[in-house]
Amino acid sequence: MIVDFHTHIFPKKMRENREFYFHSESAFKLLYNSQKAKLAGPKELVKAMDEQGVDKSVIFGFPWKTTETFKRHNDYIMDAVQKYHGRLIGLCCFDPFNSDAVSETERCIDGGLLGIGEFAFYESGINETCLDRLVPLMAICLDKDLPIMVHTNEPVGHLYPGKTENTLSQIYRILKWFPKNKIILAHWGGGIFFFNLLKREVKESFKNVYFDTAASPFLYDPSVYRVALQIIDPNRILFGSDYPLLEPIRYFKELEKTDLSQDEIEGICGRNAMELLDL
């Protein structure tokens, strides 16, 4: 069973008229201003899954600021989950600063979505004000035993669209504020998993934390898989492609170059996700 835990899909009107959203959604413009930035729908995603051997994908949209926009997008995610029942699993997405964030979370969970994500603070760091806005959303997911995915990135290295100002201290503070929640740190958590080697405190803080591999071929040497497996719980690593940024086959080719066992690869590529989502 192969599960891609990190994919984005957009409605046709958004894909064909992305410029319409640039004025009111500066973060969206930041990531998708270039026509080279791909946008895909569920049909394209499922076709790629069939061609590349992916059984299930977790889909979500974008953390829109505008209520009407994120409701439309979340409806699209719910419709795609229904249309491709058994293949697609949905998360709801929106800007947590929006006053409708709580009601939208409840609406989407009632509609069959299995968590929240990908939260992203693209134009700021993850400060205390951001954490305050997450409190009621984390409470809902904790009560429902559902995961929350948070966009993170490495605080050093080359710049690229969507690289935020977050620091490892800010990422760690999320885990300290919400120690009981199942939190998925996208993009290897910006490398914060290294600090699981510390003897005090961090191991306990990582107890409910997962790390996805999204964009790994752009960011890390393939040896990151072996290093991560030596440092953190192997059951906490989730394969995520960030499709359509990258296709799953790119990751599978990298994994073939590693010295990982078949059991380790199967855990990363699907078993861990199935256990997390209780499927």
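Some notes on this structure:
- Among the candidates Ala214, Ala273, residue that is under 22 Å from Lys144 (Cα atoms) and not aromatic (Phe, Trp, Tyr): Ala273
- Selected residue (criterion: farthest from Lys13 (Cα to Cα)) from residues of the range 70-113 that are among the aromatic types (Phe, Trp, Tyr) and free of Cβ contacts under 8 Å to residues at least 60 places away in the same chain: Phe97
Table: residues versus (1) surrounded by 16 or more Cβ atoms within 10 Å (Cβ to Cβ); (2) small (Gly, Ala, Ser); (3) modelled with pLDDT of 95 or more.
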{"residue": "Ile249", "(1), (2), (3)": "no, no, yes"}
{"residue": "Lys253", "(1), (2), (3)": "no, no, yes"}
{"residue": "Gly267", "(1), (2), (3)": "yes, yes, yes"}
{"residue": "Asn272", "(1), (2), (3)": "yes, no, yes"}
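- For the range 195-211, the condition of being closer than 28 Å to Arg250 by Cβ, of a type in the set (A, V, I, L, M, F, W, C) and within 16 Å of the chain's Cα centre (by Cα) holds for at least one residue.
- Some residue of the range 59-76 being in a strand (DSSP E or B), at negative phi, of a type outside the set (Lys, Arg) and at pLDDT 95 or above: yes
- Scanning the range 251-264 for residues that are farther than 30 Å from Gly112 by Cβ and either part of a helix (DSSP H, G or I) or in contact (Cβ under 8 Å) with a residue 60 or more places away in the chain (or both) yields Lys253, Glu254, Leu255, Glu256, Gln262, Asp263, Glu264.
- For the range 18-73, a residue qualifies if it is more than 20 Å from Val150 (Cβ to Cβ), surrounded by fewer than 18 Cβ atoms within 10 Å (Cβ to Cβ) and touching a Gly at 6+ places or on another chain (Cβ under 8 Å), and exactly one does: Asp55.
- Single residue of Gly86, Gly90 found to be farther than 22 Å from Tyr21 by Cα, surrounded by 18 or more Cβ atoms within 10 Å (Cβ to Cβ) and not aromatic (Phe, Trp, Tyr): Gly90
The values are calculated or read from the model by the stated rules, or taken from the named source; none is laboratory data. Fair warning: this is a prediction, and the values are worked out from it, not measured in the lab. Using ideal geometry, Cβ is built from the backbone for each residue, glycine included, and neighbour counts are taken over all protein chains shown.
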